[in-house]
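Taking it in order: structure first as structure tokens, then the write-up.
The values are calculated or read from the model by the stated rules, or taken from the named source; none is laboratory data. What you see is a predicted model; the values in this text were computed from it and never measured. Note that each Cβ is placed from the backbone with ideal geometry, even for glycine, and that neighbours are counted across all protein chains shown.
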């Protein structure tokens, strides 16, 4: 059984005294809350395949490693986006400075491997490989995100955006399920099916994030942040495709608050709120088909449906 309170306590108990007075920022970043979806997915697959052998204590190093790895990506993402808030709290970047936030993110990544080395030797290398591959793919996704933001919209295809979110968000969710399955003793074939299902769930998760950035009312972030950054989300690409030449020019040349307000108004004018919601429903159906290929389909579908209509 997932023990969220025990899990939170285990994160609070982590200490990295090598960082001296800066240790508090690692704890601050991890204390941001949220659903802890990725470690939950790792626990779900581990406990399902381990069955009666499942042990909370044996799984904790993996569960902590997954969340610390995710937090590392968020700290660096906030630096790149110059984000002021995350989940209604000032970001590490905002409370310190750019260089300190980068180093705190680096330290979190190193802490991931301290956790992984606590796993049983029989699975430590394989699980480490899975999460390391995912971490590289997340970095690749972030680089693609930055690259696409710099390109004129006319040069960006929807396929480029979908590859980017598969790397940026899908990779870690897929690896969480896959690593949990490996720790639980699942076959290589089943672990691979879980990875593919998890990546599809991650794409859906990111599509929702991009939708909520424009239309969410309680995300803990300033609405329209992706528009200000010029991120080529599916909404941006749709808007550019349907806009007039004058609106296209404004979307790409305005900056700051002017671009934020113009973009949000344009999205509403073009009916992207309803169109985006329908698109999310179609993507969810694709995810369902992949989830149905796994043995723990019922458990994964429960998670998928819990994501429906989320606001943060």
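If residue 15 satisfies every condition in (1) without any contact (Cβ under 8 Å) to a residue 24 or more places away in the chain; (2) over 29 Å from residue 302 (Cβ atoms); (3) part of a helix (DSSP H, G or I) but one, which is the exception?
Here residue 15 meets the rest and fails (3).
Could you check residue 28 against (1) at pLDDT 95 or above; (2) under 25 Å from residue 201 (Cα atoms) and say which number it fails?
All conditions are met except number (2).
Being in contact (Cβ under 8 Å) with a residue 12 or more places away in the chain, within 23 Å of residue 34 (Cα to Cα) and touching a helix residue (DSSP H, G or I) at 6+ places or on another chain (Cβ under 6 Å) is true for just one of 95, 63. Which residue is that?
So the residue among 95, 63 that is in contact (Cβ under 8 Å) with a residue 12 or more places away in the chain, within 23 Å of residue 34 (Cα to Cα) and touching a helix residue (DSSP H, G or I) at 6+ places or on another chain (Cβ under 6 Å) is 63.
Condition test on residue 144, is it touching a residue at least 12 places away in the same chain (Cβ under 8 Å) and either part of a loop (DSSP other than H, G, I, E, B) or within 20 Å of the chain's Cα centre (by Cα) (or both)? Write out each step before concluding.
Values: touching a residue at least 12 places away in the same chain (Cβ under 8 Å): yes; either part of a loop (DSSP other than H, G, I, E, B) or within 20 Å of the chain's Cα centre (by Cα) (or both): yes.
Against the criterion (touching a residue at least 12 places away in the same chain (Cβ under 8 Å) and either part of a loop (DSSP other than H, G, I, E, B) or within 20 Å of the chain's Cα centre (by Cα) (or both)), residue 144 qualifies.
Looking at 200, 181, can you tell me which residue is in a helix (DSSP H, G or I), surrounded by fewer than 24 Cβ atoms within 10 Å (Cβ to Cβ) and touching a helix residue (DSSP H, G or I) at 6+ places or on another chain (Cβ under 9 Å)?
Result: 200 is the single residue among 200, 181 that is in a helix (DSSP H, G or I), surrounded by fewer than 24 Cβ atoms within 10 Å (Cβ to Cβ) and touching a helix residue (DSSP H, G or I) at 6+ places or on another chain (Cβ under 9 Å).
Just checking, does segment 214-224 include any residue being buried (at least 18 other Cβ atoms within 10 Å of the Cβ) and over 19 Å from the mean Cα position of the chain (by Cα)?
Looking for residues that are buried (at least 18 other Cβ atoms within 10 Å of the Cβ) and over 19 Å from the mean Cα position of the chain (by Cα), one finds none in segment 214-224, hence no.
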